[in-house]
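Peer 1: Here it is: the structure, laid out below.
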Amino acid sequence: MVKVRHLVFILGDQLSSAISSLDGTDPELDVVLMCEVMEEATYVRHHPKKIAFIFSAMRHFADELRQRGFTVDYSMLDAPDNAGSFSGELERAIKRFDPEAVRITEPGEWRVLQMMEAWAETLHCPVDILPDKRFVCSRSEFAAWAKNRAQLRMEYFYRDMRRKTGLLMRGDEPEGGRWNFDAENRKPASPDLFALKRQGVAPDAVTQEVLDLVGRRFKAHFGSLENFDFAVTAAGAQVLLDSFVADQLPTFGEQQDAMLSSDPFLSHSLLSFYINAGLLDPLDVCRRVEVAYLAGDVPLNSAEGFIRQIIGWREYIRGVYWLKMPDYRAVNFLEADRPLPDFYWTGETDINCVRTVVSETRDHAYAHHIQRLMITGNFALLAGIRPQAVHEWYLEVYADAYEWVELPNVIGMSQFADGGFLGSKPYAAGGNYIHRMSDYCGTCRYDVKKKTGESACPFNALYWDFLDRNAEKLKRNQRLGPVYATWGKMTEAQRGDYRQSAAAFLAKLDGAVRTY
Ligand code: FAD
Ligand code: DLZ
Ligand code: SF4
């Protein structure tokens, strides 16, 4: 048996040469462990593109470490002695290498942290769990910020992160005299928009081998493997970042909330996969965007809007996750209990907006923020779907989904299941909003202008029914005051029509179960 100093265990979303577990490592003394395991691929049935992306990026990262002189003990999924889980693979490696200690960077998921904290005892080997330095705000710093605040609000947290990083700051003042330029960022999509072709990366031999493996082993999972063009190395992701900054960032701000049937991506970056897995560093990405702004290549509303998503929302979401877990996963403020309709898996529905987003999700393992929030999320909220079923769907279907980022976005932001801890009001909207921000309604079998009845857009009656059903819990929310006032001014007959239309629609949904 070989005796090594540290066994450095690197997980599939820690693929960064600056990851804390590699700090101070010596290829002469330390061994790196990486493993593809069934438990991680199936604890929820991830989209095949996500599995392929992670496995291929892991294999490329292992090769890069080997080129730097490291011994990398890498278990492929199909290796005959693969134990199938992080714990099993670590146990086997400890037996082979007898390390003085295991070093690992803290994971993104509570579930995995629980495993890690048990390892020192169960595997009889010291385990050093190191902070993840890829975030601007550490878990303890966020906890200190949140302490003694009755309400958390992203906007104030974001300003602190601007001050801390110096991004888009002129001394103590925000660039342009305002912290937030969202007022300029709500333009609907125009169907004649000229879209620059989106760059992708053709699969190399390593990726092709992974695609064959994933195609064979994960056939039953929701999602298509066709046309896989993800970057799988840091260098590849950097090329995509550069092309986003040159081609899409200038219009990122104005198109941020828009949805267009002919273009699933618009001016979004499609960088979350790489940032979350470690191929791009979030702060480096923001600095790159700031440089483009300072060079006069992109307007401030785009640069600020983009940077806010990363050092504002992304950091805030992660802070809330670690602050509120493990209880956060089970919250259900609105007591929503309907099962997830089958069409979230099949796409077979005549609700055109939902059908479009589900089918784009199936094809790309991606949907942009407003699609996630205002189409599939909004529908689930209005229909009263159990938040934990919605959470599981989002964790399965998106290639950027890890529980630390997905869960607060779904449970808190989209389903209001935390009663307003993360956001100040539910993101609920009727068909008018979708009609204004997209071109989905023109080809829908429902009529967005009709309020009630069988041919009316279902979002319209569901919206009012949602507010009515949850009035006891929501009517004191200040931001909902005007809509409850409007509801109160309607005649009893109008309110009855809305209730009846919603009830008829919901009756059709009931009984829809997962069958894929
Ligand atoms: P862009 O629109 O180009 O934004 C730039 C970057 O900002 C993103 O790459 C991402 O890193 C960051 N960002 C933007 N909004 C958020 C946010 N709300 N939370 C965290 N980071 C953000 N994001 C995930 O990374 N994983 C998820 O599983 C996930 N699930 C979501 C579920 C719901 C219901 C909602 C409403 C949002 C979710 N988001 C999630 C946030 C956001 O939708 C995605 O980060 C974004 O769509 C990724 O696409 P993009 O890289 O093109 O983003
Ligand atoms: C998502 C994922 C998948 C599908 N497979 C693996 C794997 O086989 N090996 C691995 O190290 N990581 C994988 N991951 C990422 C982990 O699920 C992720 O590291 C944890 O959920 C912690 O965030
Ligand atoms: Fe969606 Fe209603 Fe528009 Fe149809 S009419 S696409 S259901 S918002």
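Peer 1: Where residues in region 289-307 are assigned to a helix (DSSP H, G or I) and out of contact with any helix residue (DSSP H, G or I) (no Cβ under 6 Å at 6 or more places or on another chain), which of them is least open to solvent (accessible area, probe 1.4 Å)?
Peer 2: First, pick out the residues of region 289-307 that are assigned to a helix (DSSP H, G or I): 289-294, 300-307.
Of the ones still in play, those that are also out of contact with any helix residue (DSSP H, G or I) (no Cβ under 6 Å at 6 or more places or on another chain) are 290-291, 294, 304.
Numbers: E290: 33, V291: 87, L294: 113, E304: 1 Å².
Going through the qualifying residues, I end up with E304.
Peer 1: Scan region 439-446 and give yes if some residue there is hydrophobic (A, V, I, L, M, F, W, C) and within 21 Å of the chain's Cα centre (by Cα), otherwise no.
Peer 2: Let us first name the residues in region 439-446 that are hydrophobic (A, V, I, L, M, F, W, C), namely 441, 444.
Then keep just the ones that are within 21 Å of the chain's Cα centre (by Cα); that gives none.
Taking every residue of region 439-446 in turn, none turns out to be hydrophobic (A, V, I, L, M, F, W, C) and within 21 Å of the chain's Cα centre (by Cα).
Peer 1: So which residues in region 29-69 are outside any helix (DSSP H, G or I), basic (K, R) and within 16 Å of ligand 1 (Cβ to nearest atom)?
Peer 2: Result: R45, single match.
Peer 1: Please find, among E396, E392, the residue that is open to solvent by 10 Å² or more (accessible area, probe 1.4 Å) and farther than 24 Å from N185 by Cβ.
Peer 2: Checking each option against the conditions leaves just E392.
Peer 1: Looking at region 217-229, is at least one residue more than 30 Å from G442 (Cβ to Cβ) and assigned to a helix (DSSP H, G or I)?
Peer 2: Within region 217-229, one or more residues are more than 30 Å from G442 (Cβ to Cβ) and assigned to a helix (DSSP H, G or I).
Peer 1: Going through D263, D247, D229 one at a time, which residue ends up being within 15 Å of K197 (Cβ to Cβ) and touching a Gly at 6+ places or on another chain (Cβ under 8 Å)? Reasoning before the result, please.
Peer 2: Numbers: D263 fails: touching a Gly at 6+ places or on another chain (Cβ under 8 Å); D247 fails: touching a Gly at 6+ places or on another chain (Cβ under 8 Å).
The conditions single out D229.
Peer 1: Right, next: Being within 9 Å of ligand 2 (Cβ to nearest atom) and buried (at least 22 other Cβ atoms within 10 Å of the Cβ) is the filter here, so list the residues in region 41-52 that pass it.
Peer 2: Passing the criteria: A41, H46, K50, I51.
Peer 1: So, T165, is that one under 24 Å from D30 (Cα atoms) and polar (S, T, N, Q) or not?
Peer 2: no
Peer 1: Name the residues in region 333-362 that are under 20 Å from the mean Cα position of the chain (by Cα) and surrounded by fewer than 17 Cβ atoms within 10 Å (Cβ to Cβ), would you?
Peer 2: S359
Peer 1: Still on this model: For region 333-357, how many residues meet the condition of being under 24 Å from R469 (Cα atoms) and either charged (D, E, K, R) or part of a loop (DSSP other than H, G, I, E, B) (or both)?
Peer 2: Residues in region 333-357 being under 24 Å from R469 (Cα atoms) and either charged (D, E, K, R) or part of a loop (DSSP other than H, G, I, E, B) (or both): 11 in total.
Peer 1: Filter region 46-75 down to the residues that are free of Cβ contacts under 8 Å to residues at least 60 places away in the same chain and among the hydrophobic types (A, V, I, L, M, F, W, C), then identify the one that is nearest to ligand 3 (Cβ to nearest atom).
Peer 2: Out of the qualifying residues, it is M58.
The values are calculated or read from the model by the stated rules, or taken from the named source; none is laboratory data. Being a predicted model, the structure only gives us computed values, none of them experimental. Note that each Cβ is placed from the backbone with ideal geometry, even for glycine, and that neighbours are counted across all protein chains shown. Side chains included, ligands, DNA and RNA excluded: accessible areas come from the protein's heavy atoms. Shrake-Rupley method; radii C 1.70, N 1.55, O 1.52, S 1.80 Å.
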